[in-house]
1. Condition check: closer than 27 Å to residue 172 by Cα and either in contact (Cβ under 8 Å) with a residue 60 or more places away in the chain or touching a helix residue (DSSP H, G or I) at 6+ places or on another chain (Cβ under 8 Å) (or both). Does residue 15 satisfy that?
2. Could we say that residue 20 is assigned to a loop (DSSP other than H, G, I, E, B), closer than 18 Å to residue 231 by Cα and modelled with pLDDT under 95 here?
3. Part of a helix (DSSP H, G or I) and in contact with a strand residue (DSSP E or B) (Cβ under 8 Å, 6 or more places away or on another chain) - does that describe any residue in the stretch 58-70?
4. Would you mind telling me which numbered condition in (1) at pLDDT below 95; (2) surrounded by 16 or more Cβ atoms within 10 Å (Cβ to Cβ) residue 224 fails?
5. Residues being part of a loop (DSSP other than H, G, I, E, B) and crowded, with 21+ Cβ neighbours inside 10 Å: count how many of those fall in the stretch 23-56.
6. Quick check on the stretch 92-99. Is at least one of its residues part of a strand (DSSP E or B) and touching a strand residue (DSSP E or B) at 6+ places or on another chain (Cβ under 7 Å)?
7. Tell me, please, whether a residue that is surrounded by 15 or more Cβ atoms within 10 Å (Cβ to Cβ), within 20 Å of the chain's Cα centre (by Cα) and within 30 Å of residue 5 (Cβ to Cβ) can be found in the stretch 152-172.
């Protein structure tokens, strides 16, 4: 995924109106973009299908993590701990916002801490098109073959929470048979357990459509998308 160079100022607020035109990478109903200004990498992740929206909004309570690697080993990441919210009593997110936490991996141990001041996060999480936006200093990121390895993953914090969400999903789909709705936590077209397998696009474009609305809902499995970000050099 190219991270084109820009000299335009970017405000990290979960809105992409100040981003210049550029390529996107689409996979499993999610859309990824990256740009850089020579000092920082800017990343955006947005959802354009019902199941992907249920992931980014936390409705299905899978933790969402962006992992960065040193060579082939994940060393640190940013996690939105939706699992800590527990099974929702009603549809949708509770009032208030949720912020990422910093993960550091040392062998098999993973430590957590608040987001440091030099990393910015902005999110339009409950919006019609959920969006995450991040600003990360390039100096924090390791390269491998001139690219920055990036893994987008989702997972349940426990088998118990997964079972509770599955039971809730079955009840929701029974009430609304055949509906492709965020409340049902539908699995988007293309599957929810792929590694990459996406496509490049020339700009923002919609996903899903009438055909997707007739798809049979499936309980979403954990998701992993492996990307390599390629920052353009300053002209």
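The values are calculated or read from the model by the stated rules, or taken from the named source; none is laboratory data. Remember, it's a predicted structure, so these values are computed and weren't measured experimentally. Positions of Cβ are backbone-derived with ideal geometry, glycine not excepted, and every protein chain shown enters the neighbour counts.
1. The answer is no for residue 15.
2. Working: assigned to a loop (DSSP other than H, G, I, E, B): yes; closer than 18 Å to residue 231 by Cα: yes; modelled with pLDDT under 95: yes.
Taking the combined requirement at face value, the residue satisfies it.
3. To start, the set of residues in the stretch 58-70 that are part of a helix (DSSP H, G or I) comprises none.
No, every residue in the stretch 58-70 fails to be part of a helix (DSSP H, G or I) and in contact with a strand residue (DSSP E or B) (Cβ under 8 Å, 6 or more places away or on another chain).
4. (1)
5. 3
6. Step one: list which residues in the stretch 92-99 are part of a strand (DSSP E or B), which gives none.
No, because not a single residue in the stretch 92-99 is part of a strand (DSSP E or B) and touching a strand residue (DSSP E or B) at 6+ places or on another chain (Cβ under 7 Å).
7. Scanning the stretch 152-172, I find at least one residue that is surrounded by 15 or more Cβ atoms within 10 Å (Cβ to Cβ), within 20 Å of the chain's Cα centre (by Cα) and within 30 Å of residue 5 (Cβ to Cβ), so the answer is yes.
For (1) at pLDDT 95 or above; (2) within 30 Å of residue 36 (Cβ to Cβ); (3) in contact with a helix residue (DSSP H, G or I) (Cβ under 8 Å, 6 or more places away or on another chain); (4) assigned to a loop (DSSP other than H, G, I, E, B), each residue gets a yes or a no:
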{"residue": "136", "(1), (2), (3), (4)": "yes, yes, no, no"}
{"residue": "142", "(1), (2), (3), (4)": "no, yes, no, yes"}
{"residue": "152", "(1), (2), (3), (4)": "yes, yes, no, no"}
{"residue": "168", "(1), (2), (3), (4)": "no, no, no, no"}
{"residue": "173", "(1), (2), (3), (4)": "no, no, yes, no"}
{"residue": "179", "(1), (2), (3), (4)": "no, no, yes, yes"}
